[in-house]
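Let me begin by presenting the structure, written as structure tokens, before commenting on it.
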Amino acid sequence: MRKRLLALALATGIGLVTAPPAHAAGSRIAVHFDLAKGQQPENIALAPDGTAYVTFAVARQVAAVTPGGAVKILATLPDTGAAAPVLGFALTTGIVRLADGTLYFLYAGGDAATTGLYRLPPGGTPHRIAALPANGLPNGLAYDEHAKTFYLTDSVLGTISTVPLKGGPARTWSSADELTATGFLGANGIKIRDDAVWATNLDRGTLLRIPIKHGRPGPIQVKATGLTGVDDLAFTRDDQVIATLNAPNKVVRIDHHGHTETLLTTGLQNPTSVAVRGRTLYVLSAAYLTATDPNLILARLSN
């Protein structure tokens, strides 16, 4: 993956140096992950007690990170020798935690037997509840509580699909051109907010809003552009978007008019995912390009 992302960085003219100081107050590295063990965090879901549930992409794992910084591996997905397309290795990606503590996550295994959406109950073992195309790269995962439905992006196929909470066949919800890749990876991060799907497109550097109309997609709205290397997103309490820009090593805030402000650069090592709890940002860095210090950073929103 480092080689693939390096090619993307060179193609888009992105430097691999840390940018100037940021605008999020009191940032600190809360946890240093073990690069040698493949602990390169891809996505995050928070519990009420502050525990962060993360996927370690390269290690094919799901882990719990306590507020004190302890890391506990909850599940490791099988290595079948297959590889996800484009990236060239199997990886765990998006993760969601429901109120009962059950985790749901995606595995891009590169084969028909393992690629899919998985359920992991507290103290249990993972079970696949929906098969997904082996020639795709399931990446971002979100849950619509009202509809009892998961929405997920596929970065290679350029689609958003749905899976019911109980599991079953995945259905393509949108395959709009705005979701497709232009050379590397397309639709990436995804969230549900106010009866709409919000998604990012890494190649196009865009933030998209797709209204949910009686369960079907409405016209796509491009809410922000110029987001080079955009990966994951989260919402603040006042409905502004926080997004990670992977290769540029930035976390940015996007206001209601699509204007972007850099919030954080210090300590970032190719940030992949972000979550917001009150005024606190949780930012994961996977070090895909830098190959140095994958970590979890905590920062405070200044306003």
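The values are calculated or read from the model by the stated rules, or taken from the named source; none is laboratory data. The model shown is predicted, which means the values in this text are computed figures rather than measured ones. All Cβ positions, even for glycine, are placed from backbone atoms using ideal geometry, and neighbour counts span all protein chains on display.
Residues are listed down the side, and each one gets a yes or a no for (1) within 18 Å of Thr92 (Cβ to Cβ); (2) surrounded by fewer than 23 Cβ atoms within 10 Å (Cβ to Cβ):
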residue: Ala142; (1), (2): yes, yes
residue: His146; (1), (2): no, yes
residue: Leu152; (1), (2): yes, no
residue: Lys166; (1), (2): no, yes
residue: Ser175; (1), (2): no, yes
residue: Leu179; (1), (2): no, no
residue: Gly183; (1), (2): no, yes
residue: Lys191; (1), (2): no, yes
residue: Asp195; (1), (2): no, yes
Inset, instruction - Kindly indicate the residue of the range 204-222 that is among the charged types (D, E, K, R) and over 16 Å from Leu233 (Cβ atoms) and also nearest to the chain's Cα centre (by Cα) among those meeting that condition. - result: Arg216
Inset, instruction - Search the range 91-105 for residues that are touching a residue at least 12 places away in the same chain (Cβ under 8 Å) and pair each with any residue that is charged (D, E, K, R) and surrounded by fewer than 24 Cβ atoms within 10 Å (Cβ to Cβ) when their beta-carbon atoms are under 6 Å apart and the residues are at least 6 apart or on different chains. - result: Thr92/Arg60; Leu103/Arg97; Tyr104/Arg119
Inset, instruction - At least 2 residues that are hydroxyl-bearing (Ser, Thr, Tyr) in each: list the strands (runs of 3 or more DSSP E) lying fully within the range 218-303 that qualify. - result: 260-264, 271-277, 280-285
Inset, instruction - Scan Thr76, Thr80, Thr66 and give me the residue that is under 16 Å from Leu298 (Cα atoms) and surrounded by fewer than 17 Cβ atoms within 10 Å (Cβ to Cβ). - result: Thr66
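Any chance the range 231-239 includes a residue that's of a type in the set (Lys, Arg) and either buried (at least 24 other Cβ atoms within 10 Å of the Cβ) or under 27 Å from Ser161 (Cβ atoms) (or both)? I'd like the intermediate steps shown before the answer.
Taking the range 231-239 first, the residues of a type in the set (Lys, Arg) are 237.
Pick out the ones that are also either buried (at least 24 other Cβ atoms within 10 Å of the Cβ) or under 27 Å from Ser161 (Cβ atoms) (or both) and you get none.
No, that holds for no residue.
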Legend entry - Residues (touching a Gly at 6+ places or on another chain (Cβ under 7 Å) and either modelled with pLDDT under 95 or under 16 Å from Glu42 (Cα atoms) (or both)) located in the range 245-294: Leu245, Asn246, Ala247
Inset, instruction - Quick one: in the range 113-156, of everything that is within 24 Å of Lys213 (Cα to Cα) and part of a loop (DSSP other than H, G, I, E, B), which residue is nearest to the chain's Cα centre (by Cα)? - result: Ser155
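For the range 157-175, enumerate the residues that are in contact (Cβ under 8 Å) with a residue 12 or more places away in the chain and in a strand (DSSP E or B). Let's see the steps before the verdict.
Kept after step one, since they are in contact (Cβ under 8 Å) with a residue 12 or more places away in the chain, are these residues of the range 157-175: 157-170, 172-175.
The answer is Thr159, Ile160, Ser161, Thr162, Val163, Pro164, Thr172, Trp173, Ser174.
In the range 92-104, which residues are crowded, with 18+ Cβ neighbours inside 10 Å and out of contact with any Ser or Thr (no Cβ under 8 Å at 6 or more places or on another chain)?
Of the residues in the range 92-104, the ones crowded, with 18+ Cβ neighbours inside 10 Å are 92-97, 103-104.
Scanning the range 92-104 gives Val96, Arg97, Leu103, Tyr104.
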Inset, instruction - Kindly indicate which of Phe89, Phe105 is under 27 Å from Val251 (Cβ atoms), of a type outside the set (S, T, N, Q) and part of a loop (DSSP other than H, G, I, E, B). - result: Phe89
Legend entry - Among (1) modelled with pLDDT under 95; (2) closer than 29 Å to Gly158 by Cβ; (3) outside any loop (DSSP other than H, G, I, E, B) - the single one Gly26 does not satisfy: (2)
Inset, instruction - Please work out which one of (1) surrounded by 15 or more Cβ atoms within 10 Å (Cβ to Cβ); (2) under 26 Å from Asp144 (Cα atoms) is the condition Lys250 fails and give its number. - result: (2)
Inset, instruction - Go through the range 197-230 and give me each residue that's surrounded by fewer than 15 Cβ atoms within 10 Å (Cβ to Cβ) and more than 19 Å from Val274 (Cβ to Cβ). - result: Pro211, Lys213, His214, Gly215, Arg216, Pro219, Gln221, Val222, Thr225
Inset, instruction - Could you list all residues from the range 276-299 that are touching a residue at least 40 places away in the same chain (Cβ under 8 Å), surrounded by fewer than 20 Cβ atoms within 10 Å (Cβ to Cβ) and touching a strand residue (DSSP E or B) at 6+ places or on another chain (Cβ under 7 Å)? - result: Val276, Arg277, Asp293, Leu298
Inset, instruction - Tell me, please, whether a residue that is closer than 25 Å to Val252 by Cβ and among the polar types (S, T, N, Q) can be found in the range 117-135. - result: no
Legend entry - Complete set of residues in the range 30-60 that are closer than 23 Å to Gly278 by Cβ and of a type in the set (Phe, Trp, Tyr): Tyr53
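Looking only at the range 183-210, count how many residues are assigned to a strand (DSSP E or B) and more than 16 Å from Val86 (Cα to Cα). Quick ask: steps written out before the conclusion?
Applying the first criterion (assigned to a strand (DSSP E or B)) to the range 183-210 yields 187-192, 196-201, 206-210.
From what is left, the residues that are more than 16 Å from Val86 (Cα to Cα) are 189-192, 196-200, 206-210.
The number of residues fulfilling the criteria is 14.
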